[in-house]
Structure formats: structure tokens, C-alpha cells
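**Student:** Attaching a single structure in C-alpha cells format; questions to follow.
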Amino acid sequence: ELHADDCSEAAFKLFKTKAVKSGRMSEEVLADDNASLLENLELKEGNYLKRAATLLFYDKPEKFVSGAYIKIGFFVTDDDLRYQDEIHGNLFEQVEKVLEILFSKYLKAYISYEGLQRIEAFLFPYPALREALLNAVVHKDYSSGIPIQISVYHDKIVLWGSGQLPQDWTLERLMGKHPSTPYNPLIANA
């Protein structure tokens with residue numbers, strides 16, 4: 001059983017900074033103590049933390065939730081894995097680290113010049129990849145024990161996470177305008 005004091009101070013700081021920067025929370029949140037923040041995010045049940053709090057704010061969520069990490073691999077073909085990494089830690093840190101390592105190690109930038117200025121363009125825009133990664137984290141079935149898997153190829157990237165579409169949803173509905181129905185609403189809210 002975990003309490004607010006068992007959580008990562010760095011995760012709270014990262015969350016607060018990003019929440020204020022995004023405009024979703026006012027600067028007053030920076031002064032909130034961690035227990036109050038968890039309470040406000042509905043991540044506490046009495047004196048104890050919910051599983052979502054453990055995933056979001058505890059440095060080693062795998063201690064309580066198997067498979068709560070992300071695997072990245074670079075593939076030449078589906079059967080030819082060249083190198084891989086595992087990203088561990090709380091979900092906030094995982095997202096930050098995965099994006100950093102994807103753009104520094106896995107994805108190639110195409111270089112062009114405008115006069116003397118060098119321009120680097122990646123095949124996948126950062127905001128699109130960030131959104132895809134956040135969707136994988138928010139919609140994952142954490143009871144599966146299977147990590148999110150990212151397969152990077154020369155010309156494509158595949159993100160896979162255990163989970164399922166909401167009941168009675170079709171691919172057509174998913175691809176069209178639809179309401180947000182996160183598999184893990186507490187994680188999505190944070």
C-alpha cells in the first residue's frame with residue numbers, strides 16, 4: 001500500500017509544471033502539497049492511492065502493476081530487430097523519455113538548407129507522435145501485464161498497447177468525429 005509520501009517528488013514537479021504550462025491548471029497548483037493534488041485528481045481512496053496514482057507518480061510502478069513500461073525496437077523487417085530499449089519509471093517520465101529517445105536514437109532527420117540555416121525535418125511530426133504515445137498510455141489495459149510496444153522502421157512507426165475499443169465501436173466510428181472515451185479516465189485526466 002502506497003501513500004503520497006512514497007511517490008516521486010520529480011513526478012509531482014513535472015506534472016505541476018506541465019499542467020500550469022498547458023493552461024489546464026492555475027499557478028496555485030504549484031503550491032499545493034502532493035496529498036492535496038492526488039485528492040483533487042481523484043487518485044486517492046481514503047488514505048490509500050489508487051492504481052492510477054501508482055502508475056503516474058510512483059518511480060517503480062511495475063512493483064505493483066506488471067508490464068507498466070514501454071519497449072522500443074528498431075526493425076529492418078518484421079523479423080529483423082536491430083536494437084531496442086526499455087523505458088521504465090512513472091508514466092510522466094516514460095512519455096518524456098520515449099519521445100526523447102525516439103527523436104535522438106530511432107528516427108532520422110532529413111536535412112535541408114535555407115541559405116546558411118540548417119533545417120532538420122523528421123518523417124513524423126513531434127506533436128503527432130506525442131499524441132499517439134499519449135493515446136497508447138491512456139488507453140492501455142494495465143491488467144494485461146504486457147508493456148506498450150513501439151516498432152520503428154525506416155519509413156513507419158507502429159505503436160501497440162493491450163486494450164480494446166469501447167463496446168459497440170467500429171473502426172469507422174473511431175476514424176470519424178467521436179467523443180473521447182478513455183480506457184483509463186483517471187490517467188487521461190491527469
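**Student:** Need one value: the accessible area of ASP78 in square angstrom, 1.4 angstrom probe, rounded to the nearest 10.
**Tutor:** It works out to around 110 Å².
**Student:** Out of the total accessible area of the chain (probe 1.4 Å, heavy atoms of protein only), what percent is carbon and sulfur? Please report the intermediate quantities before stating the final value.
**Tutor:** Values: 5820 of 11680 Å².
On the chain, the fraction of accessible area on carbon and sulfur atoms equals 50 percent.
**Student:** Filter the chymotrypsin sites (Phe, Trp or Tyr not before Pro) in region 60-130 down to the DSSP loop ones having no more than 15 other Cβ atoms within 10 Å, then list what survives. Spell out each step's value before the answer.
**Tutor:** Details: sites: PHE64, TYR69, PHE74, PHE75, TYR83, PHE92, PHE103, TYR106, TYR110, TYR113, PHE122; in loops: PHE64, TYR69.
When the chymotrypsin sites (Phe, Trp or Tyr not before Pro) of region 60-130 are filtered for loop state and at most 15 Cβ neighbours within 10 Å, PHE64 remain.
**Student:** For region 52-119, run through the trypsin sites (Lys or Arg not before Pro) and keep only the ones in DSSP coil with at most 13 other Cβ atoms within 10 Å of their Cβ. Don't skip to the end; give the middle numbers.
**Tutor:** Numbers: sites: LYS63, LYS71, ARG82, LYS97, LYS105, LYS108, ARG118; in loops: LYS108.
When the trypsin sites (Lys or Arg not before Pro) of region 52-119 are filtered for loop state and at most 13 Cβ neighbours within 10 Å, LYS108 remain.
**Student:** Moving on to the next point. Please give the FRET efficiency for ASP78 paired with HIS178, using the beta carbon to beta carbon distance and R0 = 41 Å, rounded to the nearest 0.05.
**Tutor:** Details: r = 31 Å, r/R0 = 0.74.
That gives a FRET efficiency of 0.85.
**Student:** Continuing with this model, one more query. Testing the spin-label approximation: label points 7 Å from Cα along Cα→Cβ at HIS3 and LEU116. State their distance in nm.
**Tutor:** Result: 6.1 nm between the two label points.
**Student:** What is the helix-to-structure angle for 126-139, meaning the angle in degrees between its Cα long axis and the longest Cα principal axis of the chain, kept from 0 to 90 and rounded to the nearest 10?
**Tutor:** For 126-139 against the chain, the angle is about 50 degrees.
**Student:** Karplus couplings for region 52-64 from phi (6.51 cos²θ - 1.76 cosθ + 1.60, θ = phi - 60°), rounded to Hz, Gly and Pro as x?
**Tutor:** Karplus values, whole Hz, x for Gly and Pro: 4, 5, 4, 5, 7, 10, 9, 5, 10, x, 5, 4, 10.
**Student:** Which value, in debye to the nearest 20, gives the size of the charge dipole of region 1-73 about its Cα centre, when Lys and Arg are +1 and Asp and Glu are -1 at the Cβ?
**Tutor:** Result for region 1-73 is approximately 480 debye, rounded to the nearest 20.
**Student:** Can you pull the one-decimal nm distance between simple spin-label points at GLU39 and SER26, each 7 Å off the Cα toward Cβ?
**Tutor:** The answer from the label model is 1.8 nm.
**Student:** Sticking with this one: Suppose only helical runs count, i.e. DSSP H with n ≥ 4. What mean residue ellipticity at 222 nm does that imply for the chain under -39500 (n - 2.57) per run, divided by all residues and rounded to the nearest 500 deg cm²/dmol?
**Tutor:** Values: 7 runs with 63 residues, N = 190.
Result for the chain, helices only: -9500 deg cm²/dmol.
**Student:** What accessible area per residue comes out for the chain, rounded to a whole number of Å², with a 1.4 Å probe? Please list the in-between numbers first.
**Tutor:** Details: 11680 Å² over 190 residues.
Accessible area per residue: 61 Å².
**Student:** Taking the Cα atoms only, what angle lies between the long axis of helix 91-101 and the longest principal axis of the chain, rounded to 10 degrees?
**Tutor:** 20
The values are calculated or read from the model by the stated rules, or taken from the named source; none is laboratory data. Note that the structure is a prediction, hence the values are computed from the model and not measured. Cβ sites come from the backbone with ideal geometry, for glycine too, and all protein chains shown count toward neighbours. These area figures cover heavy atoms from the full protein model, side chains too; ligands, DNA and RNA do not enter into them. Shrake-Rupley method; radii C 1.70, N 1.55, O 1.52, S 1.80 Å.
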